[in-house]
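Below is one structure, written out as C-alpha cells; comments come after it.
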Amino acid sequence: MLEGNDDMNHWRILLAFGTLSVLATFSAAGGPGLVPYPEFVDVTLDNGLRVLVAEHQEQPAVFYRMLVPVGVRDEPCGKEGLASLAAALLTQGTVSRSDAEIAEAIDGVGGRLRATAGIEYTTVGSEVLAEDLELGLELFSESILSPTFPAKAFKRARKEFKAAVEQRHTDPSALAITHACSMLIDREHRLSRPVTKKSLRHVQVAAVRAFHRRHYVPNGSMLVALGDFGAQEMLERITETFGGWEPGAMPARAPVSLARPAGVAFRFVHKPGLTQGTIALCQPGLSSSDPDVPAWRLLNRILGGGGFSSRLMTAIRTEAGRTYSISSHGIQYPDYGYSLIRTSTQNREVVATYEAVLAEIDKLLDEGVTEEELEKAKSYYAGSIPLGLEWPGHIATSVLEGLYEGRTLGDMRNEIVELDAVTLEDVNRVARKYLNTEAFILVIVGDGRRLRKPLRAIAPFEEVHYGNASIR
C-alpha cells in the first residue's frame, strides 16, 4: 500500500470525509429495508471490461476500484506466492513513473494507492480529492496496465514475504487455519498448499511479469468509480483510459474439491513451548451462490459469529471461563465454502474445551435456534450492513465483491430484506444440514509434551511438527 505520509495532506482526505459519509449512505436511493447503494451507470466496454460509475457528491473525493479475477488459486504448483508478489509490485514502478515518483505523486495530494491479491481475485484501489481525479486515474490505470516490476522492488518484496512466512510459523492460530485448509481442500489443488520460503525462492521476476501478461486482462475484470464528478464525463475518461486494454484468453481454473471425512480427521501440530492449545474445527459449507446463505449467516451469528452474544462465547468463555475468545466463521466463494470454529485455551483445558464446543453444537441441533436469537441476529445485520457502507471506498469494494459472487445490484440492495425473510425453520434446517459433530476436520496446535497423552482421548491423530514447510 502506498499512503500519504504528510499529515497535512492526509488530513485533506480525512476532513473531507468526516460525518458527511453517514449522510451519504442513508440519503441514497432506496426504501424501507433496502440497503442504500447509489444508482450506478453500468456499461461493458468493447474489450469486456465492466465499468460502474456513480455520482457521490456529499464529499469532494473520488474512489477508483478495480477487480481482476486472478488470485492465489491461480498460482502454478511450486510457485506459491506469485499472485501476491505480482499485486504488491503493481504500484512499485510503471512505464511512466518510478516507485519513488509514484509515491511522491500520491503523497503530494494526500491520496492512497494500493493493490492486494486475495484467494479469488486481485483488487487495485485509488482515492483522491475530486480536484485530483485526473492524477488519481492516471496512477490507478498505470499500475494496472503498465507496471514494470523492477528487479530491486521485487527482491525487497520477496524478502518481506519470506519474513511473513516465518511469522506465520510463530502464530498458532495461523498454523491451525493453514493446516485445516490443507486437510479440507484436495491435496493436488493450489489452495491446499501454503506459501513457503522454498516456493518464494522459485518465484523470479520474469515469472511475475509473465503472470501479469497472462492474467491481467479486461474481459472478466470490473471497475467501479464513485465520487464527486459527473457520471457521463467520468465514463468517458475511463473509456478513453482503459478502452485500449487488449482482451485475452482467461486461463481455466481447477475446480475445488473438498474432503468430507466419515469421522474426525484429526491432526496435531507440535510446537514446543506453547502454554496454550489452539483448536480449529472445519467442515464443508455453502458456496456464495447457495440460496441458503442468508440463513447460514444468521445461524453463524447466533452460534459463534456474534461476539459476546453468541452461544459459543456465552457457554465457553462467560459461563465456563475456559477461553478468552472463541468464534465461528462461514467462508463462501463462488464454487465452494466452509465453516471454521477457532479458539485457544490453557493446555489443561484443551480436551474439555473441545468437548464443550461439540456439546454446544449438539445443543443447538437438538433444541434449535430460538425466535429471540433469530430476531437479534436480524437486528444486528439491519444496522451493521448500512453502517458498513458509510465510507465510499467500502461501497465500491462491496459492489465489486457482490458482483463477483454473482449477485446483482438489486440483490445487494435487498440484502436486509432477504435476511429478514429467513424463518426459524430455515435456520434450523441449515444447521442440521451443515453442522455435524461426528464428522469434521480437527486441528490442534500445542506442545506435544503436554498434550499428546490427553489428546488420545479425542481420536487417533496424525502428528506433524510446526516447522513442516509442506503442510500436506
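The values are calculated or read from the model by the stated rules, or taken from the named source; none is laboratory data. Keep in mind the model is a prediction, meaning the values are calculated, not measured. No Cβ is skipped: glycine too gets one built from the backbone with ideal geometry, and neighbour counts run over all protein chains shown.
Remarks
- Gly118 surrounded by fewer than 21 Cβ atoms within 10 Å (Cβ to Cβ) and at pLDDT below 95: no
- Beta carbons closer than 7 Å, at least 6 apart along the sequence or on distinct chains, pair a first residue in the range 448-472 that is under 15 Å from Gln276 (Cα atoms) with a second that is modelled with pLDDT of 95 or more and of a type in the set (S, T, N, Q) for Arg450/Asn347; Leu451/Asn347.
- Residue match in the range 298-319 (condition: surrounded by fewer than 17 Cβ atoms within 10 Å (Cβ to Cβ), in contact with a strand residue (DSSP E or B) (Cβ under 7 Å, 6 or more places away or on another chain) and under 30 Å from Asp447 (Cβ atoms)): no
- Selection of helices (runs of 4 or more DSSP H) fully inside the range 387-472 by the criterion of at least 1 residues being within 22 Å of the chain's Cα centre (by Cα), hydroxyl-bearing (Ser, Thr, Tyr) and in the same structural domain as Leu298 (by TED's automatic domain parsing) returns 392-404, 424-434.
- Test: residue in the range 52-72 that is hydrophobic (A, V, I, L, M, F, W, C) and either at pLDDT below 95 or under 17 Å from Arg190 (Cα atoms) (or both): yes
- Of all the criteria given as (1) among the small types (Gly, Ala, Ser); (2) over 28 Å from Gly330 (Cα atoms); (3) free of Cβ contacts under 8 Å to residues at least 60 places away in the same chain, the one not satisfied by Gly230 is (3).
- Qualifying residue in the range 260-282 (condition: surrounded by fewer than 17 Cβ atoms within 10 Å (Cβ to Cβ), closer than 21 Å to Asn468 by Cβ, modelled with pLDDT of 95 or more and not small (Gly, Ala, Ser)): yes
- Residue check for Ala359: part of a loop (DSSP other than H, G, I, E, B), aliphatic (A, V, I, L, M) and surrounded by fewer than 16 Cβ atoms within 10 Å (Cβ to Cβ): no
- Flag if Phe154 is buried (at least 19 other Cβ atoms within 10 Å of the Cβ), touching a Lys or Arg at 6+ places or on another chain (Cβ under 8 Å) and aromatic (Phe, Trp, Tyr): no
- Among the residues of the range 217-237, those that are touching a Phe, Trp or Tyr at 6+ places or on another chain (Cβ under 9 Å) and either among the β-branched types (Val, Ile, Thr) or in a loop (DSSP other than H, G, I, E, B) (or both) comprise Val217, Pro218, Ser221, Val224.
- Options Gly410, Gly406: the member that is of a type in the set (Gly, Ala, Ser), surrounded by fewer than 19 Cβ atoms within 10 Å (Cβ to Cβ) and over 27 Å from Pro284 (Cβ atoms): Gly410
- Exactly one residue out of Arg112, Arg73, Arg65 is in the same structural domain as Lys198 (by TED's automatic domain parsing), touching a strand residue (DSSP E or B) at 6+ places or on another chain (Cβ under 6 Å), surrounded by fewer than 22 Cβ atoms within 10 Å (Cβ to Cβ) and among the charged types (D, E, K, R): that is Arg112.
- Which numbered condition Ala252 misses (of (1) touching a residue at least 60 places away in the same chain (Cβ under 8 Å); (2) surrounded by fewer than 20 Cβ atoms within 10 Å (Cβ to Cβ); (3) among the hydrophobic types (A, V, I, L, M, F, W, C); (4) more than 20 Å from Val443 (Cα to Cα)): (1)
- Looking only at residues in the range 121-150 that are surrounded by fewer than 21 Cβ atoms within 10 Å (Cβ to Cβ) and among the small types (Gly, Ala, Ser), the one that is nearest to His215 (Cα to Cα) is Ser146.
- Of the helices (runs of 4 or more DSSP H) contained entirely in the range 90-175, those carrying at least 3 residues that are among the acidic types (Asp, Glu) and touching a helix residue (DSSP H, G or I) at 6+ places or on another chain (Cβ under 9 Å) fall at 133-145.
- Scanning the range 326-377 for residues that are within 19 Å of Leu435 (Cβ to Cβ) and of a type in the set (Lys, Arg) yields a total of 2.
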